[in-house]
Amino acid sequence: MASTDSGLVKTSLPETETLRFLNSGKVRDLYEVQDPSTGASYLLFVATDRISAFDVILNNGVPGKGKLLTQLSVFWFARLAHIVENHLVAATLESMPPGVRAQVEPLWTAHQLEGRTMLVRKARVVKLEAIVRGYLTGSAWSEYKRSGTVHGIPLRTGYVESDKFDEPLFTPSTKADQGEHDENISPERAQTIVGAEVYEHVSRTALALYKEASAYALTRGLILADTKFEFGLLPIEPDAPNSSSSPSPIITLDSKPHKLILIDEALTPDSSRYWSASAYAPGKSQASYDKQYLRDWLLSEGFRKGLESGREGEEGKGWSMTDAVVAGTRERYETAVRVLTTEDDTK
């Protein structure tokens, strides 16, 4: 039986001349907000409790999930800021610019924005999913079994499921529109999509982020098996303060300098695989604290790619979780966030 508690799966902030709805992603609802006092324009990211798998948004959500994703993203943005800048401006009402805060404050409680909202800088999105894999699992394991490659990259023989790679791999995918499927692609094809310079900086930065995050996660008793980053390009204005102290790479685009920054979310159980380090054993699937639990249940119940509108015989009904699966998913997300962000707590 499908769960009856879906959490917050949709927002509907009232629009004004300086606050307008832009679009909804798989998880986040995006609004554009302008600060009347400065003229600055930002994006308001509201993380709902929606959840997707195999590029399908499920009918019901996981209550509290949006807050967990936001909490963990803010944690990682701060912890990794020495490697690359990110788009975060504020994640609390108190830290927002006064002109923005005045607009958002009346909506804060009534629209359940607290704990799930980030004010971020606008950036030109790099049309690439920047996936870094440290372990052989998921679609990478399936490809390796077929051809001995991962995203077209030849690998040595002898790997087993969940093995640690000799070195982490940057394995990009296309950034598909909503309703479409991301496609695993080779590094060569990725370069043709975004250009050699952008690709070089994105791949190098993604690998550096992964290495830093995975080393920290291991001290907390978790293995970061793989993760997906998203990047944006922020124009550097001619009269901007000297950016030589910024860790972000500078990329010339359309004859103008831009900074590469980390956008969207960072290293959440939605975009990453976290495994228990103490239970880790190569040669099989692993105990995890991420969305794999949901993916496994969906497959066991007959949900799969090609049946996006519903299981066979249930076309048009979409995909729904049971109460038990909602609770199991939430428990795994809560564990990952608690273990990673609580100093005196390891798993």
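The values are calculated or read from the model by the stated rules, or taken from the named source; none is laboratory data. Keep in mind that what you see is a predicted model, and the values were worked out from it rather than measured. Glycine also receives a Cβ, built like all others from the backbone with ideal geometry; neighbour counts cover every protein chain displayed. For accessibility, only protein heavy atoms count, side chains too; no ligands or nucleic acids. Shrake-Rupley method; radii C 1.70, N 1.55, O 1.52, S 1.80 Å.
Summary of values
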read-out	value
Distance between the range 271-297 and the range 193-270 - C-alpha centres, whole angstrom	26 Å
Top of L209, L307, L169 by mean-square fluctuation, Gaussian network on the chain, Cα under 10 Å	L307
Within the range 241-297, trypsin sites (Lys or Arg not before Pro) in DSSP loop having at most 11 other beta-carbon neighbours inside 10 Å	K284
The range 115-128 - phi-based ³J(HN,Hα) in whole Hz, Karplus 6.51/-1.76/1.60, Gly and Pro as x	x, 10, 10, 10, 8, 10, 6, 6, 8, 7, 6, 6, 7, 7
Of the DSSP H helices in the chain, those whose Cα atoms cover at least 20 Å axially and whose Kyte score averages -1.0 or more	65-79, 196-219, 323-341
Sparsely packed GluC sites (Glu not before Pro) within the range 93-149, loop by DSSP, other Cβ within 10 Å at most 10	E94
For the chain, calculated [θ]222 nm from helices alone, where every DSSP H run of n ≥ 4 adds -39500 (n - 2.57)	-8500 deg cm²/dmol
Debye intensity ratio in log₁₀ form over the Cα atoms of the chain, taken at each q of 0.08 Å⁻¹	-0.40
Alpha-carbon Debye profile of the range 1-105, log10 I(q)/I(0) at 0.23 Å⁻¹	-1.29
Prolate/oblate/rounded call for the range 210-333, Cα gyration tensor, a/c under 1.5 rounded	oblate
Contact order relative to length of the chain, as percent, for alpha carbon pairs under 8 angstrom and 6 or more apart	20 percent
Residue with peak Gaussian network fluctuation, the chain [Cα springs, cutoff 10 Å], from D323, D166, D49	D166
Distribution of pairwise C-alpha distances over the range 14-66, 10 Å bins, in %	24, 40, 25, 11, 1
Residue-normalised accessible area of the chain, given per residue in Å² at a 1.4 Å probe	45 Å²
Fluctuation leader among G316, G152, G61 - the chain, Gaussian network, Cα springs under 10 angstrom	G316
